[in-house]
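For reference, the structure discussed in these notes is given below.
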Amino acid sequence: MGVENLLVNVPDLDDVRIRSINLNWRGPTVTLRVDLPSVPGSAPQKWTEAGMDTVQCQLQFLAVENISLTDWNPPSVGRIEMSPWGGENRIRVVAEGRGVALRFDCSESVRVGHVSAFRIRADGSDNGPHLFASRIDARRHTFLPPTDEKTFYER
(Lines give C-alpha, C1' and ligand atoms only; values in the text may rest on other atoms or scores of the structure.)
Protein backbone atom coordinates (compact mmCIF):
# COMPACT_ATOMS: atom_id res chain seq x y z
CA MET A 1 0.00 0.00 0.00
CA GLY A 2 1.39 3.40 -0.95
CA VAL A 3 1.69 6.28 1.47
CA GLU A 4 -0.71 8.30 -0.66
CA ASN A 5 -3.46 5.72 -0.02
CA LEU A 6 -2.67 5.35 3.66
CA LEU A 7 -2.95 9.05 4.45
CA VAL A 8 -5.96 9.95 2.29
CA ASN A 9 -7.88 10.98 5.40
CA VAL A 10 -5.13 12.44 7.56
CA PRO A 11 -6.41 13.07 11.05
CA ASP A 12 -6.24 16.59 12.46
CA LEU A 13 -2.81 17.35 13.80
CA ASP A 14 -4.15 17.93 17.32
CA ASP A 15 -2.52 16.02 20.16
CA VAL A 16 0.35 14.79 18.01
CA ARG A 17 3.47 13.61 19.77
CA ILE A 18 6.42 15.47 18.26
CA ARG A 19 9.42 13.21 18.67
CA SER A 20 12.11 15.11 16.82
CA ILE A 21 12.88 18.32 14.95
CA ASN A 22 15.56 18.22 12.26
CA LEU A 23 16.85 21.55 10.94
CA ASN A 24 18.83 21.34 7.72
CA TRP A 25 20.47 24.26 5.96
CA ARG A 26 19.95 22.59 2.57
CA GLY A 27 16.69 23.87 1.20
CA PRO A 28 16.52 25.02 4.03
CA THR A 29 14.21 22.42 5.56
CA VAL A 30 12.53 21.51 8.83
CA THR A 31 11.54 17.87 9.36
CA LEU A 32 9.23 16.86 12.19
CA ARG A 33 8.94 13.21 13.24
CA VAL A 34 5.45 12.84 14.72
CA ASP A 35 3.06 10.23 16.05
CA LEU A 36 -0.42 10.75 14.64
CA PRO A 37 -3.23 11.05 17.19
CA SER A 38 -5.00 8.00 15.76
CA VAL A 39 -4.42 5.19 13.30
CA PRO A 40 -5.99 6.07 9.92
CA GLY A 41 -8.90 3.83 8.93
CA SER A 42 -7.03 2.96 5.74
CA ALA A 43 -4.09 1.41 7.63
CA PRO A 44 -2.86 -1.92 6.28
CA GLN A 45 -4.51 -4.94 7.86
CA LYS A 46 -1.10 -6.41 8.73
CA TRP A 47 -0.51 -3.43 11.03
CA THR A 48 -3.68 -4.04 13.03
CA GLU A 49 -3.12 -7.81 13.05
CA ALA A 50 0.37 -7.21 14.48
CA GLY A 51 -1.13 -5.10 17.28
CA MET A 52 0.38 -1.84 16.09
CA ASP A 53 -1.46 1.04 17.77
CA THR A 54 0.46 4.15 16.66
CA VAL A 55 1.33 5.59 13.25
CA GLN A 56 4.44 7.72 12.89
CA CYS A 57 5.66 9.79 9.97
CA GLN A 58 7.98 12.60 9.02
CA LEU A 59 6.63 15.93 7.82
CA GLN A 60 9.22 17.82 5.79
CA PHE A 61 8.77 21.53 5.16
CA LEU A 62 10.78 23.19 2.37
CA ALA A 63 12.12 26.71 1.78
CA VAL A 64 11.91 27.54 5.49
CA GLU A 65 12.51 31.04 6.84
CA ASN A 66 11.73 33.09 9.96
CA ILE A 67 12.15 30.10 12.25
CA SER A 68 11.64 30.43 15.99
CA LEU A 69 12.10 27.56 18.46
CA THR A 70 11.56 28.82 22.01
CA ASP A 71 10.65 25.59 23.81
CA TRP A 72 11.80 22.04 23.13
CA ASN A 73 11.49 19.26 25.69
CA PRO A 74 10.79 16.02 23.77
CA PRO A 75 8.77 14.05 23.40
CA SER A 76 6.19 16.78 23.41
CA VAL A 77 2.49 16.72 22.69
CA GLY A 78 0.83 19.56 20.85
CA ARG A 79 -0.98 20.86 17.83
CA ILE A 80 0.52 21.57 14.41
CA GLU A 81 -1.32 24.27 12.49
CA MET A 82 -0.64 25.27 8.90
CA SER A 83 -2.19 28.39 7.41
CA PRO A 84 -1.63 30.61 4.34
CA TRP A 85 0.95 33.28 5.07
CA GLY A 86 2.87 36.10 3.46
CA GLY A 87 2.12 35.57 -0.18
CA GLU A 88 1.51 33.05 -2.87
CA ASN A 89 2.39 29.41 -2.18
CA ARG A 90 3.62 30.10 1.38
CA ILE A 91 2.31 28.88 4.72
CA ARG A 92 3.02 29.53 8.38
CA VAL A 93 3.53 26.45 10.52
CA VAL A 94 2.98 26.67 14.26
CA ALA A 95 3.64 23.71 16.56
CA GLU A 96 2.67 24.48 20.14
CA GLY A 97 1.92 22.41 23.19
CA ARG A 98 3.46 20.76 26.20
CA GLY A 99 7.21 20.92 25.60
CA VAL A 100 7.22 22.63 22.20
CA ALA A 101 6.94 26.15 20.78
CA LEU A 102 8.01 26.24 17.13
CA ARG A 103 6.98 28.50 14.27
CA PHE A 104 8.27 29.16 10.78
CA ASP A 105 7.23 30.16 7.27
CA CYS A 106 7.74 27.80 4.33
CA SER A 107 6.59 26.56 0.95
CA GLU A 108 3.04 25.20 0.96
CA SER A 109 4.38 21.85 -0.28
CA VAL A 110 4.78 19.43 2.60
CA ARG A 111 6.46 16.07 2.09
CA VAL A 112 5.17 13.13 4.10
CA GLY A 113 7.59 10.25 4.42
CA HIS A 114 8.90 7.33 6.42
CA VAL A 115 5.40 6.30 7.50
CA SER A 116 5.43 3.41 9.96
CA ALA A 117 3.34 1.73 12.62
CA PHE A 118 4.50 0.51 16.00
CA ARG A 119 3.19 -0.47 19.39
CA ILE A 120 3.83 2.36 21.81
CA ARG A 121 5.62 1.30 24.98
CA ALA A 122 4.27 1.93 28.50
CA ASP A 123 6.87 4.70 28.91
CA GLY A 124 5.73 6.34 25.64
CA SER A 125 8.85 5.34 23.71
CA ASP A 126 8.93 4.26 20.07
CA ASN A 127 12.02 2.05 20.21
CA GLY A 128 10.22 -1.24 19.48
CA PRO A 129 9.70 -2.86 16.07
CA HIS A 130 8.25 -0.69 13.28
CA LEU A 131 6.36 -1.81 10.19
CA PHE A 132 7.05 0.67 7.37
CA ALA A 133 4.65 1.60 4.57
CA SER A 134 7.43 2.22 2.04
CA ARG A 135 8.92 -0.90 0.48
CA ILE A 136 12.38 0.63 0.63
CA ASP A 137 12.06 1.54 4.31
CA ALA A 138 10.61 -1.92 5.05
CA ARG A 139 13.62 -3.62 3.42
CA ARG A 140 16.12 -1.42 5.23
CA HIS A 141 14.58 -1.10 8.69
CA THR A 142 12.62 -3.09 11.25
CA PHE A 143 13.35 -0.51 13.98
CA LEU A 144 13.95 3.23 13.79
CA PRO A 145 17.51 3.86 12.67
CA PRO A 146 19.86 5.92 14.86
CA THR A 147 19.43 9.69 14.50
CA ASP A 148 22.70 10.04 12.57
CA GLU A 149 21.31 7.95 9.69
CA LYS A 150 21.20 10.76 7.11
CA THR A 151 19.29 8.84 4.45
CA PHE A 152 16.41 8.40 6.89
CA TYR A 153 16.34 11.72 8.73
CA GLU A 154 17.47 14.19 6.06
CA ARG A 155 15.74 12.99 2.90
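The values are calculated or read from the model by the stated rules, or taken from the named source; none is laboratory data. Computed from a prediction, not measured in an experiment: that's the story for all the values here. Using ideal geometry, Cβ is built from the backbone for each residue, glycine included, and neighbour counts are taken over all protein chains shown.
Find the strands (runs of 3 or more DSSP E) located wholly in region 50-138 whose residues include 1 or more that are polar (S, T, N, Q), and list them. Outline the logic, then answer.
Details: elements: 54-61, 65-84, 90-107, 110-118, 130-132.
It comes to 54-61, 65-84, 90-107, 110-118.
Of all residues in region 113-135, those that are under 16 Å from Pro40 (Cβ atoms) have Cβ atoms under 8 Å from Cβ atoms of residues that are surrounded by 15 or more Cβ atoms within 10 Å (Cβ to Cβ) and of a type in the set (Lys, Arg), 6 or more apart or on another chain, in His114/Arg33. Filter region 119-155 down to residues that are within 14 Å of the chain's Cα centre (by Cα) and surrounded by 18 or more Cβ atoms within 10 Å (Cβ to Cβ) and give me whichever is nearest to Arg33 (Cα to Cα). If we take residues in region 119-155 being within 14 Å of the chain's Cα centre (by Cα) and surrounded by 18 or more Cβ atoms within 10 Å (Cβ to Cβ), then Tyr153 is nearest to Arg33 (Cα to Cα). Count of region 2-39 residues, restricted to those that are at pLDDT below 85, surrounded by 15 or more Cβ atoms within 10 Å (Cβ to Cβ) and not in a helix (DSSP H, G or I), is 4.
Name the single residue, out of those in region 139-155 being among the polar types (S, T, N, Q) and part of a loop (DSSP other than H, G, I, E, B), that is modelled with the highest pLDDT.
If we filter region 139-155 for residues that are among the polar types (S, T, N, Q), which is where we start, we get 142, 147, 151.
Filter once more, keeping what is part of a loop (DSSP other than H, G, I, E, B): 142, 147.
Numbers: Thr142: 93, Thr147: 80.
Among residues in region 139-155 that are among the polar types (S, T, N, Q) and part of a loop (DSSP other than H, G, I, E, B), the one modelled with the highest pLDDT is Thr142.
Within region 48-68, the set of residues being free of Cβ contacts under 8 Å to residues at least 40 places away in the same chain and loosely packed, with under 12 Cβ neighbours inside 10 Å comprises Glu49, Asn66, Ser68. Within the span defined as region 40-47, one or more residues are in contact (Cβ under 8 Å) with a residue 40 or more places away in the chain, in contact with a strand residue (DSSP E or B) (Cβ under 6 Å, 6 or more places away or on another chain), buried (at least 17 other Cβ atoms within 10 Å of the Cβ) and not in a loop (DSSP other than H, G, I, E, B).
Which of the residues spanning region 48-97 are more than 11 Å from Val34 (Cβ to Cβ) and β-branched (Val, Ile, Thr)? Residues satisfying the conditions are Thr48, Val64, Ile67, Thr70, Ile91, Val93, Val94.
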